1. Could you size up the charge dipole of the range 2-184 around its Cα centre, putting +1 on the beta carbon of Lys and Arg and -1 on that of Asp and Glu, and report it in debye to the nearest 20?
2. Among Val177, Asn20, Ala153, whose Cα projects farthest towards the positive end of the dipole of the chain, with charges put on the beta-carbon of Lys, Arg (+1) and Asp, Glu (-1)?
3. Of the beta bridges DSSP finds with both residues in the range 2-184, what % are antiparallel, to the nearest 5?
4. For the range 1-66 and the range 74-131, what is the centre-to-centre distance using only Cα atoms, to the nearest Å?
5. Given (1) 66, 50, 25; (2) 47, 31, 31; (3) 103, 39, 26 as candidate values of Cα extents along the principal axes in Å, which corresponds to the one derived from the coordinates?
6. Identify which of Asn20, Asn66, Asn141 has the largest mean-square fluctuation in a Gaussian network model of the chain, with springs joining Cα atoms closer than 10 Å.
7. What lysines could a cross-link reach from Lys2, if we take a straight Cα to Cα line under 20 Å and drop same-chain neighbours fewer than 8 places away?
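Please treat every number below as a calculation from the coordinates, not as lab data. Keep in mind the model is a prediction, meaning the values are calculated, not measured. Glycine gets a Cβ as well: all are built from the backbone with ideal geometry, and neighbour counts include every protein chain shown.
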Amino acid sequence: MKLIVGLGNPGEKYQGTRHNIGFLVLDRLAQQQHIEISKRIGDVLIGQWFSSGETIVLAKPQSFMNRSGVAVKDILADYHGTTDDLVVVYDDLDLPFGRIRIRSHGSAGGHRGMLSIQEQLVGAPFCRVRVGIGRPPEGMNTVDYVLERFSAAEQDALGEYLERAAASIDCILTDGVERAMGRFNRAS
C-alpha cells in the first residue's frame, strides 16, 4: 500500500487557492487514473486504484491544514500502513512557482500542516513532495497570499505544473524516491 496525501483546506472558499495545491495535484492524479476522491473515511476523502498488485490510496484530509496530522495518522492506521508507505504533497513558499522538490525526510520548514503531521507521527521520516508557490509580493501578508487564488499568469501555467507534479508522484511509485529526486529536483 502507498498513501499519497495532498494537503489543503476543505470547502469552496479555499478551492483553487495556493495553499490547496496539494489537493489540486491529487485531483490531477485521480483524473489520470479515472477515479474519484469521494469516499469518506473519518475526516478524510479517499480514492484508490491498484497498480502491480499494490493499493494506491489518494487522501485529502478534511480537517483544516493545521490539523492534518490526526487525519494522516488515522488513515495510515486504517490501511495498516507505515511512514514508509506515506507521500505528502503540499505547497511551499520557499520554492518558486513551477518548482518541485522531493525529499525522503526533513523538517516542516514552517509549514503548519507538515508540523501537525510530524507531531502525530512522532518525527518518523516520510516522503514529501514540495510544490512551489513562491513568496508573496513585498508588503503582502503571507496568510493572505497562500489563501489567494492563483494569478492569471500562474493559471496559464498551472495545468502543465500539475502534470509535472503528478508525474513526480508516479515516478516515486514506479521508480522510487531517489530516482524521482534525481529527475524532478533539477527540473525548473
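1. Computed about the Cα centre, the dipole is about 160 debye.
2. Positive-end residue among those listed: Val177.
3. 55 percent
4. So the two Cα centres are separated by 14 Å.
5. Computed from the coordinates, Cα extents along the principal axes in Å corresponds to (2).
6. Asn141
7. Lys39, Lys60, Lys73
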